[in-house]
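Report on one structure; see the data block that follows.
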Amino acid sequence: MRKRNAVTVMLLLAVMQCAAQTPRPPVPAPAARSNSISVMGGWAWPVSHPGLTTFWGPGPSASVEVLKGVSRTVSLGFDLEGAAFWFRGPTFGTAYPGLTFKTPPVAQIVAGVVGRFMLAPGKKLAPYLGGMIGFSHMTGAEYRQETSSGRVTYYDLPFQTRLAASLYGGLEYRASRSVAFDMEARALYVNDDPNAGLIVAVRGGIRLLF
């Protein structure tokens, strides 16, 4: 009887040892989240055409971007951004001393399709490049005055919508699977606009991944 029990115990121990040594199938890693929405804010500068740079300076800028991942490195989506450029009152006063003037801000709204390319996908701190093509709408501002010698135009920025394109680059810091922080610089060119031309922006914000 004791011999039979000993054999039973040995068999149980052997079975338990084999079960412990049997490799378990690996647990699959959670899928990377490739879709995202970002909200960013910063500052924008008109830098090229005198129609805007003469009397308007840099101002606040913001953007909302929605992206869908089409591969591990490429995302496509839609971008909406805006900026407000502040009027340079002292500059205007120096150019036209004694002339009363208004201080109208000029706003820009840009919407278009965007593509983003990750240079180091999967890294906690990863650089990226991107581009956008769409349309830019500028609000207008004008100041004209009738004088003894005729009508004088001090500035004239028409309301207009033009084709626009931008290139940008930045860094993404992945805080978790669902949250990242971006910092980027953008260069936007407004086509066939004698007043806007090239506008540069620096922004930072949060990106939610899903």
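Compute the distance in nm between two label points, each set 7 Å from the Cα along the Cα-to-Cβ direction, one at Asp192 and one at Arg33.
Between Asp192 and Arg33, the simple spin-label model gives 4.2 nm.
Quote to one decimal, in nm, the extra length available between Phe210 and Phe101 on full extension: 0.36 nm per residue of separation minus the C-alpha distance between them. The partial results should precede the final answer.
On the way: separation 109, 0.36 × 109 = 39.24 nm, distance 4.98 nm.
Computed gain between Phe210 and Phe101 is 34.3 nm.
If packing is taken as the mean number of other Cβ atoms within 10 Å per residue, what is the order of 194-204, 43-53, highest first? Numbers along the way, then the final one.
Working: 194-204: 19.5, 43-53: 17.8.
Descending mean neighbour count gives 194-204, 43-53.
What residues have an amide H closer than 5 Å to that of Leu119, excluding those fewer than 5 places away on the same chain, when H is modeled at 1.01 Å from N in the peptide plane?
Answer set, sorted by chain and number: Tyr128, Leu129.
By count of other Cβ within 10 Å, fewest leading, how are Glu81, Glu142 ordered? Could the numbers behind the result be given before it?
Details: Glu81 25, Glu142 13.
Final ranking by Cβ density, sparse to dense: Glu142, Glu81.
Roughly speaking, what is the stretch gain from Ser178 to Arg72, that is 0.36 nm per residue apart minus the C-alpha to C-alpha distance, in nm to one decimal?
36.6 nm
Which shape class applies to region 33-209: rounded if a/c is under 1.5, otherwise prolate when a/b exceeds b/c and oblate if not, where a ≥ b ≥ c are the square roots of the Cα gyration tensor eigenvalues? Kindly include the intermediate steps, with their values, before the conclusion.
Details: a/c = 3.46, a/b = 2.59, b/c = 1.34.
Note, shape of region 33-209 comes out prolate.
For His49 and Thr161 in one chain, what is 0.36 nm times their gap in residues minus the Cα-Cα distance, to one decimal in nm?
Here the segment from His49 to Thr161 would lengthen by 38.7 nm.
For Thr147, Thr91, what ranking results if the residue with the fewest other Cβ atoms within 10 Å of its Cβ goes first?
Thr147, Thr91
Read-outs: derived from the displayed coordinates by stated rules, not from any lab. The model shown is predicted, which means the values in this text are computed figures rather than measured ones. Every residue, glycine among them, receives a Cβ derived from its backbone with ideal geometry; neighbour counts consider all protein chains shown.
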